[in-house]
1. Among the numbered criteria (1) outside any helix (DSSP H, G or I); (2) under 23 Å from T307 (Cα atoms), which one does Y42 miss?
2. If you check R367 against the conditions, is it out of contact with any Leu (no Cβ under 6 Å at 6 or more places or on another chain) and not in a strand (DSSP E or B)?
3. Tell me which residues, restricted to the stretch 417-445, are assigned to a loop (DSSP other than H, G, I, E, B) and more than 17 Å from G135 (Cβ to Cβ).
4. Against the condition among the small types (G, A, S), in a loop (DSSP other than H, G, I, E, B) and under 25 Å from the mean Cα position of the chain (by Cα), how does G24 come out, does it pass?
5. With touching a strand residue (DSSP E or B) at 6+ places or on another chain (Cβ under 6 Å) and in contact (Cβ under 8 Å) with a residue 24 or more places away in the chain as the only criterion, which of K79, K44, K48, K26 stands out?
6. Does at least one position in the stretch 389-408 carry a residue that is over 24 Å from the mean Cα position of the chain (by Cα), more than 20 Å from S224 (Cβ to Cβ), among the polar types (S, T, N, Q) and assigned to a loop (DSSP other than H, G, I, E, B)?
7. Would you call V165 buried (at least 20 other Cβ atoms within 10 Å of the Cβ) and of a type in the set (V, I, T)?
8. Give the residues of the stretch 376-400 that are within 15 Å of L418 (Cβ to Cβ) and touching a residue at least 40 places away in the same chain (Cβ under 8 Å), sorted by residue number.
Amino acid sequence: MSIPQTGGGPIEHSDQLAEYLAAGCKPRDDWRIGTEHEKFGYCKQSLKPIPYDGTASIFAVLDGLRQRHGWAPVEEAGKLIGLTKDGANVSLEPGGQLELSGAPLATIHETCDEVNAHLKDVRDIADTLGVGFIGLGAAPIWSYEDMPMMPKGRYTLMRDYMDRVGTMGKSMMFRTCTVQVNLDFESEADMVKKMRVAIALQPVATALFANSPFFDGDVNGHKSWRSRVWRDLDPDRTGTLPFVFEDGFGFQRWVDYALDVPMYFVYRDGTYIDALGQSFRDFLAGNLPALPGEVPTLSDWADHLTTIFPEARVKQFIEMRGADGGPWRRLCALPAFWVGLMYDKSALDAAWDLVKHWDDETREALRIAASEDGLQARTHGIDMHELARQTLAISEQGLKARARAGVGGLVTDETHFLNALKESVESGKVPADELLDRYHGVWDGDLKQIYQDFSY
């Protein structure tokens, strides 16, 4: 979840909303990669989620990172709720999931170094506290009642709203984790093509990174339960967005869509003001019930954009949102997969050629099938295993064409970051399959073994 946005004066005319998005356009040489990943923290002794306060706690981890690794504190109402350093930030998800939102970096080599340094620092602190962290798409054992509530006003409002609009909103907030990548665009036309490819191929990412076959202490019948959760969260702000594939899609059409998404809040002077279900269109007219007579700022608009949760979304960059949280090496594979598809023109064209004939029904069916069956998914004449093979080959060619060297020039490109995905395509198995094999095999149905075998 995002931290409050800053900067930007009052919105004086509606054109500013699309102009805000268009301001994200960057020349190709300035394109960057921002990787985000979430992980569950737990007490090693009890295997329960760690609370906010206490000796073995979220606060203790954040404070340790602040004191020992040079992070600056971010506070809300006097509570430490995040950290910043060198363009990156560490923040808290509603149930205490710890998230790194990485700095915008030029290569996968750099973003992987950032991920590695962060996880080593977290482990350095966690080991002294008796705390562990694990990368999974969904909490395998913990119930909703087990989960702590982080001291962030945004989450209190969201939690109270979720049961009004869907059945799985609180499951998403408290018991799921993801890995995402944020990528740039050159122009409106470039954004349009990237968004279409992103949404169409998000099921491939869901399948390759599927890592949540357990929930409430049992097998749940899905390879990615996290993806299943998103389907029943809130239809106003989730989904595969058919309008993205219609003629005329661009920044203004995204604005029109976002304006129709009900609001959550307005952030003022450190406080989240309840605007649940209210209209940003009314806000523009000075008629928001939560703040009568006030008009929004660009910061309010930026905040509102963070409350929209489709499979891919536009801010001043594009966010890829389809993958489960997972093992250490896959945290670098996710940005590599999408950079290979998106940051080389020939690769992007090839990816679009792969999906441009699909209709809305096909895209949604693939989303559902990927959640249920991973690489074994088959729907509408499409074999997910073969689709993943083709998509991964395009991504690999895109990374070769980028030819971004690392390790002092000894590594000539970024293709090796795809190795974990290539292994999955070769074997036909993704992380969820490995978890299920162990559950039915050496674990003999004992899910507690997951913490020993798969923690960072």
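The values are calculated or read from the model by the stated rules, or taken from the named source; none is laboratory data. This structure is a prediction, so every number in the text was calculated from the model and none was measured. Every residue, glycine among them, receives a Cβ derived from its backbone with ideal geometry; neighbour counts consider all protein chains shown.
1. Tallying (1) outside any helix (DSSP H, G or I); (2) under 23 Å from T307 (Cα atoms), Y42 fails exactly one: (2).
2. So R367 fits the description; yes.
3. Selection gives G428, K429, G441, V442, W443, D444, G445.
4. Yes, satisfied.
5. So the residue among K79, K44, K48, K26 that is touching a strand residue (DSSP E or B) at 6+ places or on another chain (Cβ under 6 Å) and in contact (Cβ under 8 Å) with a residue 24 or more places away in the chain is K44.
6. Checked the stretch 389-408: no residue is over 24 Å from the mean Cα position of the chain (by Cα), more than 20 Å from S224 (Cβ to Cβ), among the polar types (S, T, N, Q) and assigned to a loop (DSSP other than H, G, I, E, B).
7. Details: buried (at least 20 other Cβ atoms within 10 Å of the Cβ): no; of a type in the set (V, I, T): yes.
Spelling it out, it is not the case that V165 is buried (at least 20 other Cβ atoms within 10 Å of the Cβ) and of a type in the set (V, I, T).
8. Listed by number, the residues that qualify are A388, T391, L392, I394, S395, E396, Q397, G398, L399.
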